[in-house]
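**Q** Next up is a structure, given as C-alpha cells.
The values are calculated or read from the model by the stated rules, or taken from the named source; none is laboratory data. What you see is a predicted model, and the numbers here were worked out from it, not measured in a lab. A quick note on method: Cβ atoms are made from the backbone with ideal geometry, for glycine too, and the neighbour counts reach across all protein chains shown.
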There are 2 protein chains.
Amino acid sequence: MNTKVLDAFTQEHKQLLESELRTLVEKLEAPPIIKEAMHYSLEAGGKRIRPLLVFATLAAFGKDSKMGLLAASAIEMIHTYSLIHDDLPSMDNDDLRRGKPTNHKVFGDAIAILAGDALLTYSFEVIGKIPNEMASSQTKLQLVIEMAKAAGCEGMVGGQVADMEGEGKSLTIDELEYIHIHKTGKLLRYSVIAGALLGGANPTQLENLSSFAHHLGLAFQIRDDILDLEGNPEVLGKPVGSDTANEKSTYPQLLSMEGAKEALQKHLDLAKQYLEKTGLNIKLLKEIAELIASRDH
Amino acid sequence: MNTKVLDAFTQEHKQLLESELRTLVEKLEAPPIIKEAMHYSLEAGGKRIRPLLVFATLAAFGKDSKMGLLAASAIEMIHTYSLIHDDLPSMDNDDLRRGKPTNHKVFGDAIAILAGDALLTYSFEVIGKIPNEMASSQTKLQLVIEMAKAAGCEGMVGGQVADMEGEGKSLTIDELEYIHIHKTGKLLRYSVIAGALLGGANPTQLENLSSFAHHLGLAFQIRDDILDLEGNPEVLGKPVGSDTANEKSTYPQLLSMEGAKEALQKHLDLAKQYLEKTGLNIKLLKEIAELIASRDH
C-alpha cells in the first residue's frame, strides 16, 4: 500500500517538522519548565498526519513542500495541545499516550494545562512567522482565522464537548458524525486548506480540496473505530476495546462491522473523486488517503 | 479622583463591550453548554480595564473609540480564559471569583478547561473580524502576533508559571517583577498597543505608549499588593491578607509598605511622563492611570 515515494516523503518531512518544532520552542524566552513540558509532548511522536497533509497539498500544487513548515508546525502544536488537555484527569484521565506517561503525569496538572495553553497560543504566532515572500499578510490572516475556526468551539473544542456529553448515551449516526467531523475532521480539513492557501488554490480547487479532506476525516475516524475492535494491540500501541469499555458510540456499533467497512470505502472513494476534480498532481494525497483508510495503527 | 468624563466614558464603553461579547458568543454554532460556560465568565463583570485602555488609546489618537470594540473583546476573552484556568483545582483552586462561583464550580472542570480553550482560540478569530476599512490585513496580522506574544509563554502564561514556581519561596525584587511584568503586565501593555496600532501610531508613539503601559502595569500590580494588606474586604469583594496566607512574595513585603507606596508613585510618574511624550490627547489615559494607582478594588 505504502509506496517508496510516500515513504521517503514522509521520512524527510517528519524530520524537518520535528526539527522545526524543537527550534520554535527552543527560541522562546520562558521559564525552562514550561518549554520542557511543551517539548515533551511535541516530541512524543505520532503519525504527523496533519503536517503531512500540508506538505502533500503544497506538492500537489507543484510548490516546494517546505513552504508549509511553519503552518504544519502550528497545526501540530494545536493537535498536541488538544491531546495534553484531553488526557487530563478531569477529561479522559489517561496515564499513557503512545506508550509514554502523559504530560500531566510527568509535569503535574497545572503545568500540563499551561503547556497546552502555551502551545495553542504560540501556534497563532507561528503562522505570523511565515515569510512575506511565501504568503501575503492577507493569506496569513486567512490562515489564522481558519485555524481558529477549526480548533475552537465551532470545530475541535465543540467536538470534544459533544463527545464528552455523548458518553454513556446511545447516539444516532448523525450525532456520531457531528462529533467526528468536529473533533478530528475540522483540523484535518484545515491542514489541507492551509496547504491549498499557501499553494495559491483558486476557489474551485479550495472547495474540492475541502470536500476531499472532509471525507478523508470521516474515513480516518471510521478506521479508528474499526482498529479499536480489530486492531493488533501491539502494533496499535494501546489496548483494543477501549471504546466499548468507555461506553463510546462507534461506527461498527451503529452500522455493524460490515456497514462500517462499507462506509469507510464510500468516504475513501468520495475523497479520491474530489481529489481528481482539482486537476492537480494528486499522487501523494491519494496515497495518504489510501494509507489512512488501511492503516494498522 | 474619577472625573465625570472618565465615568461616562467607562459606563458607555463597558456597555458596548458587554453587549459585543454576548453577541460574539451567541453567534457561535457550538454545543449550548460550552457557549453557556463562555458567557458565564465573560458576564461575571470586573473592571474591564484592558478594554478601557484600548478605547482610551484610540481616543488619544482622536479616533472613534468604538473602532477598538473587536480588539477589546478579544483581549477580554483572553483575560477571562486566564481567570477560568487559574481558578481550577489544580491551579489556584478558587471557588469564588468576584463573589460568584468559579466556572468549574458551575460547569465542572472539563467544561471549564474547554471554555477557557474556546475563549483563547476565539480571540484570534475575533481579531480577524475587524472590518478592512478599520485595519489592513497587515495591521490585523500584527495584532494577532502581538496578542499571541502577550498571552503565551513569553507573556502571561510564562508569568503564571513563574508565579506558581515562586510560591513558598522568598523572591528577589527582580523575580517578583518578572512575574508581574509577564502575568499581568504584558496583556495590559498589549491593550494599549492594540489601540495604538488601530489608531495609526508612528514608531515613536508606539514606543512611548509601550513604556507608559509597562509602568502602568507595574503600578497596577503594586496597588494590588497594597490593597491585599490595607484594602477594605467589603469594597474589595474578597478577603485581605490572601497573599500572606498563600505565601506569595509581594512588594510591601520586599520593600516595606512605605517603599511599596514610593515604588507605586514612581511608576505612576514614569507612566505619565511617557504619555506626555506622545503628543497625543492623553487626558483619558492619564485619568485611567491615576485611577489604577489609587483604586480601592
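**Q** Please give the number of the condition A:ALA110 fails out of (1) facing another protein chain (nearest Cβ under 8 Å); (2) within 18 Å of the chain's Cα centre (by Cα).
**A** Here A:ALA110 meets the rest and fails (2).
**Q** For region A:78-117, which residues satisfy the criterion of being closer than 27 Å to B:GLY166 by Cβ, surrounded by fewer than 22 Cβ atoms within 10 Å (Cβ to Cβ) and acidic (Asp, Glu)?
**A** A:ASP109, the sole residue that qualifies.
**Q** Of the residues that make up region A:271-280, is at least one surrounded by 14 or more Cβ atoms within 10 Å (Cβ to Cβ) and among the polar types (S, T, N, Q)?
**A** There is at least one residue in region A:271-280 that is surrounded by 14 or more Cβ atoms within 10 Å (Cβ to Cβ) and among the polar types (S, T, N, Q).
**Q** Just name the residue that is nearest to B:LYS105 (Cα to Cα) out of those in region B:1-16 that are surrounded by 11 or more Cβ atoms within 10 Å (Cβ to Cβ) and of a type in the set (D, E, K, R).
**A** Looking at the filtered set, the residue picked out is B:LYS14.
**Q** A follow-up question, please. Tell me which helices (runs of 4 or more DSSP H) are completely within region B:1-92 and hold 3 or more residues being within 14 Å of chain A (Cβ to nearest Cβ), touching a residue at least 24 places away in the same chain (Cβ under 8 Å) and of a type in the set (Val, Ile, Thr), or say none if there are none.
**A** B:69-87
**Q** Here is a further query. For region B:147-182, name all the residues that are within 8 Å of chain A (Cβ to nearest Cβ) and not in a helix (DSSP H, G or I).
**A** Hits for region B:147-182 are B:GLY152, B:CYS153, B:GLU154.
**Q** With the requirement that a residue be of a type in the set (Lys, Arg) and either surrounded by fewer than 10 Cβ atoms within 10 Å (Cβ to Cβ) or under 13 Å from A:LYS149 (Cβ atoms) (or both), what does region B:17-32 give you?
**A** B:LYS27
**Q** A follow-up question, please. I'm told B:PRO131 meets every condition in (1) part of a loop (DSSP other than H, G, I, E, B); (2) surrounded by 24 or more Cβ atoms within 10 Å (Cβ to Cβ) except one. Can you identify the failing condition by its number?
**A** That leaves (2) as the condition not met.
**Q** Follow-up question, since we're still on this one. Within region B:183-204, restricting attention to residues that are farther than 19 Å from B:ILE49 by Cα and part of a helix (DSSP H, G or I), which residue is farthest from the other protein chains (Cβ to nearest Cβ)?
**A** Ranking the qualifying residues of region B:183-204, first place goes to B:THR204.
**Q** To continue, here is another question. Which numbered condition trips up B:LYS183, out of (1) in contact with a Leu (Cβ under 9 Å, 6 or more places away or on another chain); (2) crowded, with 22+ Cβ neighbours inside 10 Å; (3) under 24 Å from B:ALA56 (Cβ atoms)?
**A** In the conditions (1) in contact with a Leu (Cβ under 9 Å, 6 or more places away or on another chain); (2) crowded, with 22+ Cβ neighbours inside 10 Å; (3) under 24 Å from B:ALA56 (Cβ atoms), B:LYS183 misses (1) alone.
**Q** Please list, ordered by first then second residue, the pairs with beta carbon atoms under 9 Å, 6 or more apart or interchain, first in region B:286-297 and within 11 Å of B:ARG223 (Cα to Cα), second modelled with pLDDT under 95 and small (Gly, Ala, Ser).
**A** B:ASP296/B:GLY231; B:HIS297/B:GLY231; B:HIS297/B:GLY237
**Q** Sticking with this one: So which residues in region B:41-87 are hydrophobic (A, V, I, L, M, F, W, C) and more than 20 Å from B:LEU24 (Cα to Cα), if there are any at all?
**A** Those that are hydrophobic (A, V, I, L, M, F, W, C) and more than 20 Å from B:LEU24 (Cα to Cα): B:LEU53, B:ALA56, B:LEU58, B:ALA59, B:ALA60, B:PHE61.
**Q** So which residues in region A:258-293 are over 15 Å from A:LEU176 (Cβ atoms), aliphatic (A, V, I, L, M) and either more than 21 Å from the chain's Cα centre (by Cα) or assigned to a helix (DSSP H, G or I) (or both)?
**A** Within region A:258-293, A:LEU268, A:LEU270, A:ALA271, A:LEU275, A:LEU280, A:LEU284, A:LEU285, A:ILE288, A:ALA289, A:LEU291, A:ILE292, A:ALA293 meet the criteria.
**Q** Quickly run through region A:116-146 and pick out the residues that are aliphatic (A, V, I, L, M), more than 7 Å from every other protein chain (Cβ to nearest Cβ) and either over 22 Å from B:GLY116 (Cβ atoms) or touching a Ser or Thr at 6+ places or on another chain (Cβ under 7 Å) (or both).
**A** Matches in region A:116-146: A:LEU119, A:VAL126, A:ILE130, A:MET134, A:ALA135, A:LEU143.
**Q** Do we have any residue at all in region A:210-228 that's under 17 Å from A:SER294 (Cβ atoms), hydrophobic (A, V, I, L, M, F, W, C) and either free of Cβ contacts under 8 Å to residues at least 40 places away in the same chain or touching a Pro at 6+ places or on another chain (Cβ under 9 Å) (or both)?
**A** yes
**Q** Under the condition of being surrounded by 18 or more Cβ atoms within 10 Å (Cβ to Cβ) and of a type in the set (A, V, I, L, M), which residue from region A:256-270 is farthest from A:LEU209 (Cα to Cα)?
**A** By that ranking, first place goes to A:ALA260.
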